[in-house]
Structure formats: structure tokens, C-alpha cells
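The values are calculated or read from the model by the stated rules, or taken from the named source; none is laboratory data. This is a predicted model, so every value here is computed, not measured. Positions of Cβ are backbone-derived with ideal geometry, glycine not excepted, and every protein chain shown enters the neighbour counts. Heavy atoms of the whole protein, side chains included, go into the accessibility calculation; ligands, DNA and RNA do not. Shrake-Rupley method; radii C 1.70, N 1.55, O 1.52, S 1.80 Å.
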Amino acid sequence: MTTIAIIGAGEGLGAAVARRFGREGFSVALISREQGNVDRIADSLGDAGITAAGFAADVRNPESLTTALDSAAERLGPVEVLQYSPVPAREFMKPVLETLVADLVGPVEFSIYGPVTAVNWALPGMRSLGRGTVLFVNGGSAVRPGATVAGTSVAFAGESAYAQLLHDALAPEGLHVGQLIIPRGIGAGEPSHEPDALAELLWTMHTERGEFRTFAAPLD
């Protein structure tokens, strides 16, 4: 049995992805800042017959994140799928003309340092398994910068570049990297944006191992 580690797991998309992969026999490591939140999700998954456990970590703190991942692998088994999908803080989303150097520290730690930490932790295990998938989940500003959300636009651009480079570098090893872009956010009154629909899309990205980038819906 292998594990999917969902970094940024919450009651919406994270829980839906956990259910989808759990139905296929994956154990589920739920990683978020609040231990109580991931424990509640893990309990509900357990009631559905899915092996799951929650681990607290701050993605802006590399030691915190790697410690959580170490604990997850020790308890649940090797990580075959890594999903990076934490929700950015509201303070990261200032208009561009109000954005100072200090305002970019948080977004860069969150959207670039965090993924780099997680991926470098996960790669040795995936190589040992001989298979693995890394899934990045981002909003539309990752591909179309928004003047009112400068911090996430800048940081998501860096995350996207890193993910694309990983895709190209790891494909010859049989490891897949994919990015899901969700324009207008999760939900948004669109069936294609509901958590269960997005979870199905992420499952397809893992199993079909297609192109690097997938859109939940066209950009406006």
C-alpha cells in the first residue's frame, strides 16, 4: 500500500481528493497547519473505510514540513503521490502598486520554498518505488497575473516555472508532474469546480499522465 500526501488538506478539495484516492486503495496523509482540522477529516475518512492520518505543518517552515512528511511515511507507508495545494493567505493578495519587498516574502516562502522542500523530500521515495506523481493545484493567476493579487501572481509564476521544469526533468524517469489550474476558485457555482469534480480530474491526471497543465475550465 502506498500513500498520497495532501499538503494543504481541508474540508473541500483536500477531503474530496482523499476520498477519491482512498477508494483506490491509497492511504492518505493530510497535512495542514491545524492538527484539529486534519484529525477531523481523517476520522471521517476512517468511518468510510479509508486509512488516513493528519499531520500539522507550516509550509513556510521547511523543518516543520519535512518532519510532517517523515511522520506520514513512517505511519502510513511510502508516498507515491504528492499534492501541493495549500490556500494562500489573504494578505498575499495586495494590488501591485501597494506591494513592497516585504509583501513578497510570505508568498515566495509559501508557493516556491514550500513546494521545493516537499518535492525534494518526496523524490528519493518515488525513485525507490519506481513510480510517482506530483500534483500542483493553483488558481488562474498562476498563468494570467492579476493586478489586484500581485503576491500570489508573482509567487504562483515561480511555482509554475518550477513545476514545468520538474515535469520535463522527471518524465524520462517515469515520474509525472502535473499542474491543475482552477480559474475563479473552487466552487464558484460551476459544476466543473466542485471538489468532487476536481478530485476526479486530479485522479485522471495521476492515472493518464498526460500533458503538464490541465485547466478545470477555460480562463475568462
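Things to note:
- Average accessible area per residue (Å²) across the stretch 102-220 - probe 1.4 Å, nucleic acids and ligands excluded: 42
- Per residue, the average separation of C-alpha pairs within less than 8 Å and at least 6 apart gives the chain a relative contact order of 20 percent.
- Of the GluC sites (Glu not before Pro) in the stretch 13-102, those whose Cβ has at most 12 other Cβ within 10 Å and which sit in DSSP loop: Glu24, Glu34
- Axial C-alpha extent at least 20 Å, average Kyte-Doolittle at least -1.0 - helices from the chain (DSSP): 62-76, 114-129, 150-170
- Shape of the stretch 133-186, Cα gyration tensor, a/c cut at 1.5: prolate
- Cα-based shape type of the chain, given that a ≥ b ≥ c are square roots of the gyration tensor eigenvalues and the cut on a/c is 1.5: rounded
- Within the accessible area of the stretch 64-220, the carbon and sulfur atoms contribute 59%, probe 1.4 Å, all protein chains present.
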